[in-house]
Amino acid sequence: GVYTHYIVYTSKGATVYCEPTTNATFDTQMKIGRIRLSAPFNGKTLKNIGITSSKTEVKAAYGDPATSHPTFGDQYAIGITFIYDNAEKVKNIDVEAP
């Protein structure tokens, strides 16, 4: 099978996902594939976008996304994806290599 290992930092609002592997055992040398940020994470991007920023603010800062999906969010070519709640506020920020 294929395994995806991850570490959750609940108090920081961060989940670190390793690249998929066929190894069932976690190894500290595994490469990071993606980082997901969510509440209570209070950091901001260089363009001042964070959790609870509006979709309008994201588009003003980053322009139109490369792809957009109601469930999977707005994905930008620079390797960042903004996922919104029903009120079109950022609920997750995913960061991965472009």
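Nothing in this text is a laboratory measurement; each read-out follows from the coordinates by a stated rule. On a predicted model such as this, the values are computed, not experimentally measured, just so you know. Here Cβ is always computed from backbone atoms with ideal geometry, including for glycine, and neighbour counts include all displayed protein chains.
Here is how the numbers come out for the structure above:
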{"read-out": "Distance (nanometres) between label positions extended 7 Å along Cα→Cβ at T25 and T56", "value": "5.5"}
{"read-out": "3J(HN,Hα) from dihedral phi, the range 14-24, Karplus parametrisation 6.51/-1.76/1.60, rounded to Hz, x for glycine, proline", "value": "9, 10, 10, 9, 7, 5, x, 8, 8, 8, 6"}
{"read-out": "5 angstrom amide H check on Y3, placed H, neighbours 5+ away", "value": "T21, T22, N23"}
{"read-out": "Inter-centroid distance (Cα atoms) of the range 1-23 relative to the range 80-98, Å", "value": "18"}
{"read-out": "Efficiency of FRET from Cβ geometry, T4 and N48, R₀ 30 Å, rounded to 0.05", "value": "0.45"}
{"read-out": "P(r) weight above 23 Å for the chain, C-alpha pairs, percent", "value": "29"}
{"read-out": "Per-residue HN-Hα couplings for the range 83-90 [Karplus 6.51, -1.76, 1.60; θ = phi - 60°; Hz; x = Gly/Pro]", "value": "10, 10, 8, 5, 8, 6, 10, 4"}
{"read-out": "Gain in span if fully extended, K89 to A66, counting 0.36 nm per residue against the direct Cα distance", "value": "6.4 nm"}
